[in-house]
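Some notes on the structure that comes next.
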Amino acid sequence: MPQLRVGILDLVARGPTKALYARVMNANLASIMPQVLSVWCEQRGHDVRLICYTGFENLLDELPEDIDLLFIGAFSQGAQLAYAISAMFRARGVVTCLGGPHARCYPEDAARYFDYVLGFTDQETLDEVLEECAPHRPLGRCLSADQQPRTLPGVRERWKFIEPTLAKAPTFKIVPMLGSLGCPYACSFCIDSEVAYQPLDFDTMRDDLRFLLEQMKRPRVGWHDPNFGVRFDDYLDAIEAAVPPGRIDFVAESSLSLLSEDRLVRLEKNGFRAMLPGIESWFSLGNKSKARSKTGQEKLAQVSEHANMISRHVDYLQTNFVLGLDCDEGAEPFELTKQFVDRSPAAFPGYSLLTAFGRAAPLNLEYQKDDRVLGFPFHFLNNHHAMNVKPANYEWPEFYDHVIDLTKYSFSPRAVARRFAANGGVIPRLMNVVRAVSSEGNGRIRYFTEVRRRLDAEKGFRDYFEGESDELPEFFTDRVRADLGPLWDYLPEGALSHDPLAYLKSERGKGRGNGAGGASPTDPTVSPEKRRTRDSLPVAAPDA
Ligand code: B12
Ligand code: SF4
């Protein structure tokens, strides 16, 4: 194979930003796979340049010149930026390849703008691209391994690529690690509902942790596992074998149902400083919060108590909620969340607007069948800039009124002061204040208020939200134009819109399989073991 000049771009940001929180955090949100690809490409003798775009670089200056092949890793919110960059490079004769969450969720759309679109990616899948490295136009080739890779290069091997990205983080630096892929549970709303659980090698994990202790004075590790709590004891045994208590700080996403007090004691002892459990809703997904049969006020009482217990053991607690679920109706869910903010003042409330990310989850087929999925440009699909599922029980103005009211309440001076007082440690306190005054608190209040105003003031705007018009309101086009800056000129014609029913159509058309990764209910790549697990579990299970 001739040596290729390979560019790899990790799009953490979807455009330039000045937000304080982004300045502190974005470099810490880098993805693992672009670093993995960099290692694998070098192992095959290719020349690699990895760039992590955090929103503060001048992208046009940073992008590599003179390359043969460009890989881009993107979330859906970065899709338009990725499409524009791909067009720019294709015009120069470069072959382009997209991977990451957007490629898994919207392969049909991505194939219109890339030569290759990769789902599950192991070394063989990558080799196929490297060996062929040819343009595929007008429609790109969708490739996917049968399952998630069995092994991935650990921190030691990725270090050369981790270091320059961490250098962009001005204060504290979080090293991304992964101990497992997939999940044994089968929640129908989750991208991992059909993906078999597999732990990665515990020896590599131990070696990576020891390696980190040699590289950094006080390492901080962020676990990217979809569900950290599975095989809890194996993980903690591995950590205890490699790390003297408290020498590394850890951050992980885990569900309330997995966070019993005895486990928290062990986590605390081993340096787990931040946990991000999902509460999601007061009226469904009870198993996730160890509150199976409880709903409403009863669930609130139990969950608040649980959250308060957790915050006695970890410095930083973020509790996640989804707004606009079908089980929610009227003011009650929002009022209960406000009460939660009062009763558990140490917890930072993370709010997501319900979003159906293409073929991410089986439940999205139901929304598509019911014709409730709207075609908002991907740029806005980041859980807060647009909700692409029409709410079952709210009119849009009423829904936004509740969202604004809840956000104002959660980031009011009173709530911020109570959070500050309830948090221990300098970093958690500062982090929560920054989040409140930056893009997440004040920024969102301004944005939601503007959307709400236009729902009344502009008929075309409201019609778009109702699915009665396909004409994208200028408000959204202008924002993409501003975020893309000079790259806007490269955005291919039609690339702002996509078919929101593509998943449903492909399932109806094929009856089986689903293109580039992300298993579908009939996909042969779903292991029989996973199917059995799926059949034997209730829809909602313990979650990350
Ligand atoms: C860990 C995680 C995070 C972490 C780390 C993010 C990161 N940079 O990776 C944090 C907490 C920071 C985070 C933040 C967000 N996240 Co997140 N996150 C996840 C989670 C739980 C695991 C992803 C992961 O790393 N898996 C391990 C890797 C190895 O496996 P994989 O992702 O399946 O990747 C495979 C293939 O896709 C492919 N691949 C992956 N990347 C690339 C890149 C290239 C170039 C190639 C060729 C291939 C390739 O190879 C892998 C092996 O087969 C997923 C849910 C899930 N279970 O997947 C959500 C998920 C990816 N997040 C999601 C979202 C929406 C977000 C946020 C926008 C939420 C928000 N509002 O803040 C932000 C965006 C952050 C950003 N960087 O822009 C969505 C993405 C949907 C979409 N289509 O965009 C997901 C799918 C959850 C969901 N709602 O369904 N997230
Ligand atoms: S437990 Fe969490 S990671 Fe597993 S399927 Fe459910 S939501 Fe997804």
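The number of residues in region 225-253 that are outside any loop (DSSP other than H, G, I, E, B) and under 11 Å from residue 180 (Cα atoms) comes to 1. List every residue pair whose Cβ atoms sit under 6 Å apart, with the two residues 6 or more apart in sequence or on different chains, where the first one lies in region 171-194 and is hydrophobic (A, V, I, L, M, F, W, C) and the second, anywhere, is near ligand 2 (Cβ under 7 Å from one of its atoms). Pairs that qualify, where the first residue is hydrophobic (A, V, I, L, M, F, W, C) and the partner is near ligand 2 (Cβ under 7 Å from one of its atoms), are 183/192; 183/226; 183/227; 186/193; 187/193; 187/541. Of the residues in region 36-58, at least one is touching a residue at least 40 places away in the same chain (Cβ under 8 Å), near ligand 1 (Cβ under 8 Å from one of its atoms) and either open to solvent by 10 Å² or more (accessible area, probe 1.4 Å) or out of contact with any Gly (no Cβ under 6 Å at 6 or more places or on another chain) (or both). Residue check: residue 492 meets all listed conditions (1) closer than 21 Å to residue 388 by Cα; (2) assigned to a loop (DSSP other than H, G, I, E, B); (3) not polar (S, T, N, Q) but one, namely (1). Yes or no: region 199-206 includes at least one residue that is part of a loop (DSSP other than H, G, I, E, B) and either in contact with a Leu (Cβ under 8 Å, 6 or more places away or on another chain) or open to solvent by 10 Å² or more (accessible area, probe 1.4 Å) (or both). Taking every residue of region 199-206 in turn, at least one turns out to be part of a loop (DSSP other than H, G, I, E, B) and either in contact with a Leu (Cβ under 8 Å, 6 or more places away or on another chain) or open to solvent by 10 Å² or more (accessible area, probe 1.4 Å) (or both).
Any residue in region 396-417 that is in a helix (DSSP H, G or I), more than 19 Å from residue 354 (Cα to Cα) and open to solvent by less than 40 Å² (accessible area, probe 1.4 Å)? Among the residues of region 396-417, at least one is in a helix (DSSP H, G or I), more than 19 Å from residue 354 (Cα to Cα) and open to solvent by less than 40 Å² (accessible area, probe 1.4 Å), which makes the answer yes.
Would you pick out the residues in region 250-274 that are aliphatic (A, V, I, L, M) and open to solvent by 20 Å² or more (accessible area, probe 1.4 Å)? Listed by number, the residues that qualify are 251, 258, 265. Listed by position, the helices (runs of 4 or more DSSP H) inside region 68-139 whose residues that are of a type in the set (A, V, I, L, M, F, W, C) and open to solvent by 10 Å² or more (accessible area, probe 1.4 Å) number at least 2 are 79-91.
Scanning region 207-249 for residues that are within 16 Å of ligand 2 (Cβ to nearest atom) and open to solvent by less than 30 Å² (accessible area, probe 1.4 Å) turns up 223, 225, 227, 228, 229, 230, 232, 235. Residues in region 475-494 that are aliphatic (A, V, I, L, M) and out of contact with any Phe, Trp or Tyr (no Cβ under 7 Å at 6 or more places or on another chain): 480, 482, 484, 487.
Scanning region 166-205 for residues that are hydroxyl-bearing (Ser, Thr, Tyr) and closer than 30 Å to residue 56 by Cα yields a single hit, 171. When residue 363 is tested against the conditions (1) modelled with pLDDT of 95 or more; (2) among the hydrophobic types (A, V, I, L, M, F, W, C); (3) open to solvent by 10 Å² or more (accessible area, probe 1.4 Å), the lone failure is (1). I'd like to know if region 166-175 contains one or more residues that are crowded, with 16+ Cβ neighbours inside 10 Å, at pLDDT 95 or above, within 15 Å of ligand 1 (Cβ to nearest atom) and under 24 Å from residue 237 (Cα atoms). Yes, that holds for at least one residue. A single member of 352, 293, 304, 289 is within 28 Å of residue 404 (Cβ to Cβ), of a type outside the set (A, V, I, L, M, F, W, C) and modelled with pLDDT under 95, and it is 289. Among residues of region 214-227 that are more than 16 Å from residue 274 (Cα to Cα) and within 8 Å of ligand 1 (Cβ to nearest atom), none has a beta-carbon under 7 Å from a residue that is of a type in the set (A, V, I, L, M) and open to solvent by 10 Å² or more (accessible area, probe 1.4 Å) at least six positions away or on a different chain.
Scanning region 115-139 for residues that are closer than 20 Å to residue 360 by Cα and not hydroxyl-bearing (Ser, Thr, Tyr) gives 117, 118, 119, 120, 122. Residue 156 meets each of the listed conditions (1) closer than 23 Å to residue 310 by Cα; (2) open to solvent by 20 Å² or more (accessible area, probe 1.4 Å) apart from (1).
When residue 293 is tested against (1) within 14 Å of ligand 1 (Cβ to nearest atom); (2) out of contact with any Leu (no Cβ under 7 Å at 6 or more places or on another chain); (3) of a type outside the set (Val, Ile, Thr); (4) in a loop (DSSP other than H, G, I, E, B), exactly one condition is not met: (1). Please verify whether residue 142 is hydrophobic (A, V, I, L, M, F, W, C), closer than 29 Å to residue 357 by Cα, in a loop (DSSP other than H, G, I, E, B) and within 13 Å of ligand 1 (Cβ to nearest atom), treating the condition exactly as stated. Criteria not met by residue 142. Within region 20-38, the set of residues being modelled with pLDDT of 95 or more and over 22 Å from residue 86 (Cα atoms) comprises 26, 27, 28, 29.
The values are calculated or read from the model by the stated rules, or taken from the named source; none is laboratory data. Predicted model only: the values in this text are computed from it and were never measured. For neighbour counting, all protein chains shown are included, and Cβ atoms are generated from backbone atoms with ideal geometry for every residue, glycine included. Note: accessible area is taken over every heavy atom of the protein model, side chains too, but ligands, DNA and RNA are not part of it. Shrake-Rupley method; radii C 1.70, N 1.55, O 1.52, S 1.80 Å.
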